[in-house]
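The values are calculated or read from the model by the stated rules, or taken from the named source; none is laboratory data. Model, not experiment: these values are computed from the prediction. Note that each Cβ is placed from the backbone with ideal geometry, even for glycine, and that neighbours are counted across all protein chains shown.
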Amino acid sequence: MSAVAALPLAAATPAKPMRGIFIIMATPFTETGMVDYEDLRREVAFLSGCGVHGMVWPQMASEYTTLTPEERRRGMKVLAKAAAGKSPALVLGVQGANVQSALEYLKLAEELGPDALIAIPPTSASSVDDYRRYYATLAESANRPLFIQTTGGAKAIIPPVEMLTALAREFPHLGYVKEEAAPVTERMLALAAGRPAVKSVFSGNAGKGMLYEWRLGMDGTMPGAPFSDAYVRIWDAWRTGGREQAREIFSRLLLMINLDSVIPGTRQYIMKRRGVFKTTFSRRQNITLSAKAVEEIEFCFDGLRPYLKV
């Protein structure tokens, strides 16, 4: 076996468990639309205080497509320093439009030494084979777990479960999957059937199906940041047999998750409301909340407040 091929085997077992609540970090902006790196550091402290198991940046919920390469590189460096010595695993996003750009981010990430990596599929791909070559090439250059996200790449291309499990067998670094492609539950079950080569199966979509997924033996979820401590409360209750408490907290959390689609800007409002970010600025949408919208957000948030940690 070549030295390159042997690398994944040497690092197949991560130092921190790839299980639990892994938060997709939001990207904070100033009122003028610049990335606020001070608030990005504050977000690490917030998430650590919430007791999350992992922090992931930058991904779709991080508005990563609006970030320049320099902003991504600087943010990765800021997070690596801020996360040092803290309990949550740090997962850095290394996706690129093609394998060449992804390898550049991966090289920097490896130098920074996070606990794991994650890559959205390439948007320039034209076939499933392009996806396979992309992830295989990244795996050959990685020295730590690399999550494969199944959505967000080229339109109309969904990586087959059979390809994902084959990659996991060939490259142990690729035994970690964030599954968001429909039908999600069926695909997650098919991935889980590929254990032990497939090591961790996570969901996205704000964790809307997480209680059912955990009942089926899945490993965790990757939701957004505003209600991180509530997600941890639910995880802890479920893991310790408090299924009714988990259901109660989840019911209240779902009100907030639903509200974000009914009142766009809810997530940004809550990040400012909780003292994590200074602004509600988003590069993806113009956020203007009416007094009635704020009243509704506060009403639903009050129901979740007893289950927050920070």
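Of these, Lys309, Lys278, Lys292, which one is out of contact with any Leu (no Cβ under 7 Å at 6 or more places or on another chain), of a type in the set (Lys, Arg) and not in a loop (DSSP other than H, G, I, E, B)? Every option except Lys292 fails the conditions.
Screening the candidates Lys86, Lys77, Lys81 for the property of being in a loop (DSSP other than H, G, I, E, B) and more than 13 Å from the chain's Cα centre (by Cα) yields one hit, Lys86.
Considering only residues of the range 133-158 that are assigned to a helix (DSSP H, G or I) and not hydroxyl-bearing (Ser, Thr, Tyr), which is farthest from Pro121 (Cα to Cα)?
Restricting to residues being assigned to a helix (DSSP H, G or I) and not hydroxyl-bearing (Ser, Thr, Tyr), the top hit is Glu140.
Take the conditions closer than 30 Å to Ser290 by Cα and touching a Pro at 6+ places or on another chain (Cβ under 8 Å) and apply them to Met256. Does it pass? Taking the combined requirement at face value, the residue satisfies it. Restricting attention to the range 102-129, the residues being outside any helix (DSSP H, G or I) and crowded, with 16+ Cβ neighbours inside 10 Å number 10. Checking the stated criteria, Arg273 turns out to be without any contact (Cβ under 8 Å) to a residue 60 or more places away in the chain and basic (Lys, Arg). Taking the range 158-191 as the range and being within 17 Å of Met222 (Cα to Cα), touching a residue at least 24 places away in the same chain (Cβ under 8 Å), surrounded by fewer than 21 Cβ atoms within 10 Å (Cβ to Cβ) and aliphatic (A, V, I, L, M) as the test, the residues that pass are Ala181, Val184. Can you tell me which residue is farthest from the chain's Cα centre (by Cα) among those in the range 12-29 that are part of a loop (DSSP other than H, G, I, E, B) and closer than 13 Å to Met271 by Cα? In this case the residue turns out to be Pro28.
Annotation: of all residues in the range 210-228 being outside any loop (DSSP other than H, G, I, E, B) and within 15 Å of the chain's Cα centre (by Cα), the one that is farthest from Asp39 (Cα to Cα) is Met210. Every listed requirement among (1) more than 22 Å from Ile21 (Cβ to Cβ); (2) without any contact (Cβ under 8 Å) to a residue 60 or more places away in the chain is met by Arg284 save one, (2). For the range 54-72, a tally of residues being crowded, with 16+ Cβ neighbours inside 10 Å and of a type outside the set (Gly, Ala, Ser) returns 11. Residue pairs whose Cβ atoms lie under 6 Å apart, separated by 6 or more positions or on different chains, with the first residue in the range 1-28 and surrounded by 11 or more Cβ atoms within 10 Å (Cβ to Cβ) and the second at pLDDT 50 or above and hydroxyl-bearing (Ser, Thr, Tyr), are Met18/Tyr176; Met18/Ser200; Ile21/Tyr231; Ile23/Ser228; Met25/Ser62; Thr27/Ser62.
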